[in-house]
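Bear in mind that the values in this text are calculations on the coordinates, not laboratory data. As the structure is a prediction and not an experimental result, all values here were calculated from the model. Neighbour counts run over all protein chains shown; Cβ positions are idealised from the backbone, glycine included.
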Amino acid sequence: MHIVGARPNFVKAAPVVAALAKRDVRQSVVHTGQHYDDRMSAVFFRELGLPRPDVDLGVGSGSHAEQTAALMVGLEREFISRSPGLVVVYGDVNSTLAAGLVAAKLHIPVAHVEAGLRSFDWTMPEEVNRRVTDQLSDILFATSPEAVGHLAAEGVAVDRVHFVGNPMIDTLLGNIDRFDTDALRSRVELPESYVAATLHRPANVDDPEVVARLVARLHEVADQIDVVMPVHPRGRAALTAAGLAEHPRMHLLEPLGYIDFVTLVRASTAVVTDSGGVQEETTILRVPCLTLRPNTERPVTITHGSNRLVVDSELPGLVSKLLAGERLGASAVADVPPLWDGHAGERIATILADR
Ligand code: UD1
Ligand code: UDP
C-alpha cells in the first residue's frame, strides 16, 4: 500500500508503482488529501500514469498537530480495514510521518523511499519527519551514498538499507521527450529568456519581514531578467501582500503541472528555489540552481550538480554573473550523482517483490 499526499510524493511514487505493476505485485494507492487542489494533486495522476487512488482520505490542511492527527486517524482506519502486507512511504511530508507511525504501531512493515536525507536543521518540519520515519522503517531506500552513511551513523541496521538511486529522476528521464518548450509557449505566454522561481519553505514565506526582503531581491533580479514564478499556495497570500507582482518583469503563474513545470525549468536561464525536488531536477537538467536556504539535505546536487546555497543578498549579483556567462558549481562537469540513471523504481520493485 503506497501512501501519497503531497506534490513531490506523486512524482516519486509513479516509477515505483509502475515497476511493481510489471512484476504483478498486488498494490493499492492511498491519497491522504494533504494536497487537494487540482494543480497540486490530480494533474500529477493524469500526467504520470499513476493509478487512481483506491481511496482519498481528504485530510486537507491544518496546523502540524491537526493535520498529523487527522492523517493518523484516517490511515489507522484504512490499515485496519485493508491489512496491507507492507506500507510504502515517500520523502519527508506529514503524510509520510503519520503513515510510518500508524503502521509501526499496527506491526505493519514500512518501506521508506528517499531515506537518510539530513539537513541537520531541526527547525525544518521535514527534518523531524525524515528522522522519525527512518527509525520506524523496516526497509530504507537511499538516493545517495551520504544518506546511507547517515542511517549507519544513527544505528539503522545495514541490511535494512538499500542504495537504489532516485525515483524522482526516473520520472524526469522517463518523460524527457515530453518537455516541449514550443508547446508550452503556445499555451503560456513566456518571455524569451527568464529565471524560473519557486518558494514555499516556511522559513521563507511565513514571516512577512522575510517575505518583504525576498520580494525586494526578486525585484532586483527582475531588473536584469524576466522572472517566471509558479506560486505555491503556501506563499501566495504573503508574497502578493508584499507586492511581488508589482514589477513589470515578474510573471506570476498558478502552480504548474509536472510536464509544464519541468519544461519551464529546462528552458530557463537559471532557477531560484527552496524546493528539495527542484534542486535534484536542475542537477540532471544542468540548469544553474540558486537555492535560497542555509542548508540542503541533498548535497550531491552541489558536488555533482549545478546547485548553490545562497542568501537573498547574493541573488542579484549571482544572477548578473550568470548572465555574463559565468558557470556555477559543478555544472560544467559531465557527471551525475551515482545511480541517478532512471532505474531506481526498478531496483526498489525488485527488492520489494523478492520479499
Ligand atoms: C508540504 C510539505 C513540504 C513539501 C511541500 C511540497 C509538510 C510538513 N510539508 O508543505 O515538506 O515541500 O508540501 O509542496 O508535510 N494549500 C492549498 N492547496 C493545496 C494544498 C495546500 O491551498 O492543495 C495551502 C493551504 O493553505 C495549506 C498550505 O498550503 O495550509 C500548506 O499546505 P501543507 O500541506 O500543510 O504544507 P506545504 O507547505 O504544502
Ligand atoms: N513542481 C511542479 N509544478 C510546480 C512546482 C513544482 O510540478 O509549479 C514539481 C517539481 O518539478 C518537483 C516537485 O514538484 O517534481 C517538487 O515539489 P515541491 O517543490 O512542492 O516540494 P519539495 O520537493 O520541496 O518537497
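Structure values in brief
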read-out: Options P248, V221, T291, ranked by Cα towards positive dipole end of region 177-332, top entry (Cβ charges); value: T291
read-out: Residue order, fewest to most surrounding Cβ atoms within 10 angstrom, among I225, I169, I284; value: I225, I284, I169
read-out: Cβ-based exposure ranking for E326, E47, E78, in which fewest neighbours within 10 Å come first; value: E326, E47, E78
read-out: Karplus (6.51, -1.76, 1.60) ³J(HN,Hα), θ = phi - 60°, over region 293-300, in Hz, Gly and Pro reported as x; value: 8, x, 7, 9, 7, 10, x, 4
read-out: Region 1-148: C-alpha gyration tensor shape, a/c 1.5 cut-off, then a/b vs b/c; value: rounded
read-out: Check: the chain dipole with +1 on Lys, Arg Cβ and -1 on Asp, Glu Cβ, in debye; value: 500
read-out: Ranking of K321, K12 by count of other Cβ atoms within 10 Å, fewest first; value: K321, K12
read-out: Full-stretch length increase - E314, D223 - with 0.36 nm per residue and alpha-carbon distance subtracted; value: 31.3 nm
read-out: Prolate/oblate/rounded label for region 177-332 (Cα gyration tensor, a/c 1.5); value: rounded
read-out: For V272, residues with placed amide H under 5 Å, excluding near neighbours; value: A196, A197, T198, L290
read-out: Distant-in-sequence amide H partners of V55 (H built 1.01 Å from N, under 5 Å); value: V29, H31
read-out: Extreme residue, positive dipole direction of the chain, given options T273, A238, V16 (C-beta unit charges); value: V16
read-out: Amide H contacts under 5 Å for D226, placed H, 5+ residues apart; value: V195
read-out: Prolate/oblate/rounded label for region 64-123 (Cα gyration tensor, a/c 1.5); value: oblate
read-out: Unit charges on C-beta of K, R, D, E only; dipole of region 177-332, Debye; value: 280
read-out: Whole-angstrom gap from region 234-286 to region 122-176, using each part's C-alpha centre; value: 26
